[in-house]
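Student: Input: one structure, supplied below.
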Amino acid sequence: MRILFIGDDWVGSNARSLADGFRQAGHEVLVVDSTAITLPTRLSPPWVYAKARGERAPWQVRALHERIERSAAAFAPDMVFVFKGIHLDQRRLLDLPAALHVHYSADDVANPENLTDAYLAHESEWDLVLTTKRHNVPELRARGARAVGFVRSAYDPAWHHPTARRDGRDFLVGFIGVCRPDRRDAMVALAKRYGERMLVRGPGWRRVPELRATGAQVGGAVYGAQYSAAIAQIGANLVLLNSDNRDTHTCRTFEVPAAGGLFVGERTDEHAELLDDTTECFLFSDTDELHEILDRCAAEPDRVAAVAAAGHRRVVADGHRYVDRAREIVALAREVRS
């Protein structure tokens, strides 16, 4: 297929990895970067406009659509693939000349934060709507989506692979991810317990004074190869879910073991299906169980290494790369077209 891919193209983004996955699967791909709309530069006029009005700057949206339409005219795609294009002009996207128009969201499509009225007004016109949340499938059908597909998140072997440790410092436990209200108190409590043996990295954590006061090492976001380098420093890598998205798995579900890290995550049916508890990962249901796991990790480093290695082998063997997801998506799209 010739695929016009509209999504964020910054290094380490899931959209870039999926676009590369389509290319690796043998398709011709042309990417149009939507980062300026999705993540306007902090304190720029479009950022100020978005904060004040709750919508994206119309002059930027128009400029992006002009680029998209020029690209479509020159490329003549078979498929227009849009990675969470809820802030774009749906009519202009759907009117692009192509046999298939596919919309993909990595987030819960029932969460108001991941929707706009404009997107909802046109959702039923997309040939295929893709979600990484199994619970979204019946919800999308009930909303009138024409065809719905479920595909799990994935990892990118270009970024997520075992790597040598750096800077000579190791941590018993760590979390790499966004600071969210549903994570903040639990993370501070863990840091008070484990202090300098804990690493926390991601957007927003350095703005939590209670966390910085614990002695834990706190840093900013890491993406791409830097993410795997951080995983290499951590004995027990926490895989925490986003309650607002009703997650039962997340990108970290695959990225942590792919990078060779020990997966220590929340117990869900999907996690238990993907990795075997105690031999390929450790799953917990409450804080006491998490503390027991971490104490075990501190006492049995050889077991930590063995379980991490088994989890890595399982994730790699079971086909959870972005190229694998790209093949699943193309198969679903061809079913729709037939």
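The values are calculated or read from the model by the stated rules, or taken from the named source; none is laboratory data. Every value quoted in this text rests on a predicted model; they were computed, and no experiment measured them. Glycine gets a Cβ as well: all are built from the backbone with ideal geometry, and neighbour counts include every protein chain shown.
Student: Scan segment 120-145 for residues that are in a helix (DSSP H, G or I) and under 25 Å from residue 40 (Cβ atoms) and jot them down.
Tutor: Result: 120, 121, 122, 123.
Student: Condition first: at pLDDT 95 or above and in a helix (DSSP H, G or I). Can you find one or more residues in segment 25-33 that meet it?
Tutor: Scanning segment 25-33, I find no residue that is at pLDDT 95 or above and in a helix (DSSP H, G or I), so the answer is no.
Student: Taking segment 95-119 as the region of interest, how many residues are part of a loop (DSSP other than H, G, I, E, B) and without any contact (Cβ under 8 Å) to a residue 24 or more places away in the chain?
Tutor: The qualifying residues number 1.
Student: Examine segment 78-87 for a residue that is assigned by TED's automatic domain parsing to the domain that holds residue 141, modelled with pLDDT under 95 and either out of contact with any Cys (no Cβ under 9 Å at 6 or more places or on another chain) or in a loop (DSSP other than H, G, I, E, B) (or both), and state whether such a residue exists.
Tutor: No, that holds for no residue.
Student: Also: Does residue 246 qualify as being more than 30 Å from residue 135 (Cβ to Cβ) and either of a type in the set (Lys, Arg) or modelled with pLDDT under 95 (or both)?
Tutor: Against the criterion (more than 30 Å from residue 135 (Cβ to Cβ) and either of a type in the set (Lys, Arg) or modelled with pLDDT under 95 (or both)), residue 246 does not qualify.
Student: Regarding segment 179-197, can at least one residue be identified that is modelled with pLDDT of 95 or more and in a loop (DSSP other than H, G, I, E, B)?
Tutor: Among the residues of segment 179-197, at least one is modelled with pLDDT of 95 or more and in a loop (DSSP other than H, G, I, E, B), which makes the answer yes.
Student: Follow-up. Quick check on segment 261-270. Is at least one of its residues in contact with a strand residue (DSSP E or B) (Cβ under 9 Å, 6 or more places away or on another chain), acidic (Asp, Glu) and under 24 Å from residue 178 (Cα atoms)?
Tutor: yes
Student: Just need a number here: residues in segment 182-204 that are surrounded by 15 or more Cβ atoms within 10 Å (Cβ to Cβ) and under 15 Å from residue 241 (Cα atoms).
Tutor: Adding up the residues that qualify gives 4.
Student: Among the residues of segment 31-56 satisfying the criterion of being crowded, with 16+ Cβ neighbours inside 10 Å and hydrophobic (A, V, I, L, M, F, W, C), which is nearest to residue 329 (Cα to Cα)?
Tutor: 31
For every residue, the table says whether it meets (1) loosely packed, with under 13 Cβ neighbours inside 10 Å; (2) in contact (Cβ under 8 Å) with a residue 40 or more places away in the chain; (3) outside the structural domain of residue 98 (by TED's automatic domain parsing); (4) under 27 Å from residue 195 (Cα atoms).
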site: 241; (1), (2), (3), (4): no, no, yes, yes
site: 246; (1), (2), (3), (4): no, yes, yes, no
site: 259; (1), (2), (3), (4): no, yes, yes, yes
site: 263; (1), (2), (3), (4): no, yes, yes, yes
site: 275; (1), (2), (3), (4): no, yes, yes, no
site: 303; (1), (2), (3), (4): no, no, yes, yes
site: 329; (1), (2), (3), (4): no, yes, no, no
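Residues checked against (1) out of contact with any helix residue (DSSP H, G or I) (no Cβ under 9 Å at 6 or more places or on another chain); (2) surrounded by 17 or more Cβ atoms within 10 Å (Cβ to Cβ); (3) farther than 22 Å from residue 13 by Cα; (4) of a type outside the set (D, E, K, R):
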site	(1), (2), (3), (4)
98	no, yes, yes, yes
104	no, yes, no, yes
109	no, yes, no, yes
118	no, no, yes, yes
123	no, yes, yes, no
129	no, yes, no, yes
133	no, yes, no, no
136	yes, yes, yes, yes
140	no, yes, yes, yes
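Student: So, one more: Looking at 282, 263 in this structure, which one is part of a strand (DSSP E or B) and out of contact with any His (no Cβ under 9 Å at 6 or more places or on another chain)?
Tutor: 282
Student: Still on this model: Restrict the check to segment 75-90 and report whether at least one residue is of a type in the set (S, T, N, Q), closer than 19 Å to residue 36 by Cβ and free of Cβ contacts under 8 Å to residues at least 60 places away in the same chain.
Tutor: yes
Student: Filter segment 248-257 for residues that are under 27 Å from residue 166 (Cα atoms) and out of contact with any Phe, Trp or Tyr (no Cβ under 6 Å at 6 or more places or on another chain); which is surrounded by the most Cβ atoms within 10 Å (Cβ to Cβ)?
Tutor: Going through the qualifying residues, I end up with 253.
Student: Within the bounds of segment 159-167, is there any residue that is aliphatic (A, V, I, L, M) and surrounded by 19 or more Cβ atoms within 10 Å (Cβ to Cβ)?
Tutor: no
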